[in-house]
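Here it is, the structure, as structure tokens.
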Amino acid sequence: MTEEFDLPTVPAADPNLPGTTELGAFSVSLTVADLKRSKDFYEKLGFAVSGGDASQDYLILKNGETTIGLFHGMFDTNILTFNPGLTNRMERLEAFTDIRDIQTSLREADLPLTSEVEPGTEGPASITLTDPDGNLILIDQFF
């Protein structure tokens, strides 16, 4: 998602929340065999479509502060997704840890990245890494 967002803005994430790296909103991106069937299933579970485009084979669904993405034919596996600059309440943060700083922290922690942000860039970008069990992690900054 690189489109402009019309979201409410808040100053910054709550500094009292636990954790050492501010990764932003969390969601699970699910690779699905049948987008309509999966959409219907998750709607029965209480989710509502909040974004995406079924004609482009993906939908974003929300249930309160919980977000899932349904993707047909785009990925080989499910993905854990983090969005710096965004809260789980779909608020844009005025101040947040930029993905380039997150990338530096991950390198310093000796975590191997499978894709990186191009040096000298700013704005939207993403990085990926894989956890010890083979789960793909996407850190995707929209702003």
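Derivation of every value follows stated rules applied to the coordinates shown; laboratory data play no part. Treat the numbers as computed from the prediction; the structure is a model and nothing was measured. Cβ sites come from the backbone with ideal geometry, for glycine too, and all protein chains shown count toward neighbours.
Could you work out how far apart the two model spin labels at Ala33 and Met74 are, taking each label as a point 7 Å from the Cα in the direction of the beta carbon, and quote it in nm?
It is 2.1 nm.
Dipole of the chain (Lys/Arg Cβ +1, Asp/Glu Cβ -1, origin at the Cα centre): which of Val117, Leu30, Ile127 lies farthest to the positive side?
So the residue we want is Leu30.
Compute the distance from the alpha-carbon center of the range 35-68 to that of the range 86-111, in whole Å.
Centre-to-centre distance over Cα atoms comes out at 25 Å.
Can I ask one more? Rounded to the nearest 500 deg cm²/dmol, what is the calculated helix-only ellipticity per residue at 222 nm for the chain, with -39500 (n - 2.57) per DSSP H run of length n ≥ 4?
Values: 2 runs with 20 residues, N = 143.
Helix-only estimate at 222 nm: -4000 deg cm²/dmol.
Now, a different point. Once the Cα atoms of helix 35-44 and of the chain are each reduced to a long axis, what angle between those two axes, in degrees from 0 to 90 to the nearest 10, is obtained?
Roughly 90 degrees, rounded to the nearest 10.
Rounded to the nearest 5, what % of DSSP beta bridges with both residues in the chain are antiparallel?
70 percent
In nm², what is the average projected area of the convex hull enclosing the Cα atoms of the chain? Please report the intermediate quantities before stating the final value.
Details: hull surface 37.6 nm².
Mean orientational projected area (the chain, Cα hull): 9.4 nm².
If the only charges are +1 at each Lys and Arg Cβ and -1 at each Asp and Glu Cβ, what is the size of the charge dipole of the chain around the Cα centre, to the nearest 20 debye?
Using Cβ point charges on Lys, Arg, Asp and Glu, the chain gives about 520 debye.
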